[in-house]
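Read the figures in this text as sums done on the coordinates, not as results from a lab. Nothing here was measured: the structure is a model prediction, and the numbers come from that model. Glycine also receives a Cβ, built like all others from the backbone with ideal geometry; neighbour counts cover every protein chain displayed.
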Amino acid sequence: MKALIVILLMLVVGPAATAQTSIFLVRHAERADDSADSALSAAGKIRAAALAQTLRGQVFQFDHIFSTNTRRTRDTAAPTATDYRLPVTLYDPRDLPGFARQLQAMDGTILVVGHSNTTPELAELLGAQPGLIQMAHNTYDLLIRLDMRDGTRPKLVIQHYGAPSPE
C-alpha cells in the first residue's frame, strides 16, 4: 500500500526538479566622488532604487545578496536588500575564484554587487564566455543574469536598467 502511494505521488508531482541557481551581477551605481570609499551620487541613489524596482519585476524571491565592503556597493545593494528583507553579505573581490566556487555551490537566486573591474571577471569565472562582457569606467546600467543548472554552461542574459549610462 505504501509503495502504491509513493508511485501515485510521483505521478502527480512528477520527477524532482533540476536545481537551478540564478545569479544577478551588477556594478555599483554612480559614485559621488573619486575617493576610495565614495558614497553614491544623487544619480547613483536613483539607480540603486531602479535596480530594486527592476529586480522586483523579474524575481519573486532573492535568497542571498552579496557586496564588496565599500560604501558605494553596499548602498547599491541596500534597496534590494530592504525589499527582500535580507542582509547584505560581504565578499572579498581579491579572491574571485574562491567566491565563484562559493556561488556555484549555492542554490537559489543571488544578487552580487561589485565593480567594473571585477564583475566581468566574476561572470567569466561563473561560466560566461570570456571577453563577452565589457564594462567601461562609466558603465553603470548593465544587469547580468546567469542561470546555472547542474554544471552546464549558464544561460546568460544581459539587460540594461535605469537611465542609460553616460557616454
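Worth pointing out:
- Value of Rg to Rh for the chain (Rh from inverse mean 1/r over Cα pairs, i.e. Kirkwood): 1.07
- Contact order relative to length of the range 18-160, as percent, for alpha carbon pairs under 8 angstrom and 6 or more apart: 33
- Long hydrophobic helices in the chain, taken as whole DSSP H segments with a C-alpha length of 18 Å or more on their own axis and mean Kyte-Doolittle hydropathy at least -0.5: 42-56.
- Summary value for the range 126-167: 43 percent relative contact order, contacts being C-alpha pairs under 8 angstrom separated by 6+ residues.
- Rounded to the nearest 20 debye, the dipole magnitude of the chain is 440 debye, with +1 charges on Lys and Arg beta carbons, -1 on Asp and Glu beta carbons, and the Cα centre as origin.
- Per-residue packing, averaged as other Cβ atoms within 10 Å, sorts the ranges 119-126, 100-107, 52-59, 31-38 into the order 119-126, 52-59, 100-107, 31-38, beginning with the highest.
- Overall form of the range 91-167 per C-alpha gyration tensor (a/c, 1.5; a/b vs b/c): prolate
- Estimated FRET transfer efficiency when R0 is 35 angstrom, pair Thr152-Gln61 (beta carbons, to 0.05): 0.90
- Sequence-distant residues sharing a close amide H with Tyr140 (under 5 Å, placed H): Ser165
- Separation of the range 119-167 and the range 37-80, taken as the distance between their Cα centroids, equals 16 angstrom.
- Across the range 28-41, computed HN-Hα scalar couplings (Karplus, 6.51 cos²θ - 1.76 cosθ + 1.60, θ = phi - 60°) run 4, 6, 4, 8, 6, 7, 9, 5, 4, 10, 5, 7, 7, 6 Hz from first to last residue, x flagging Gly and Pro.
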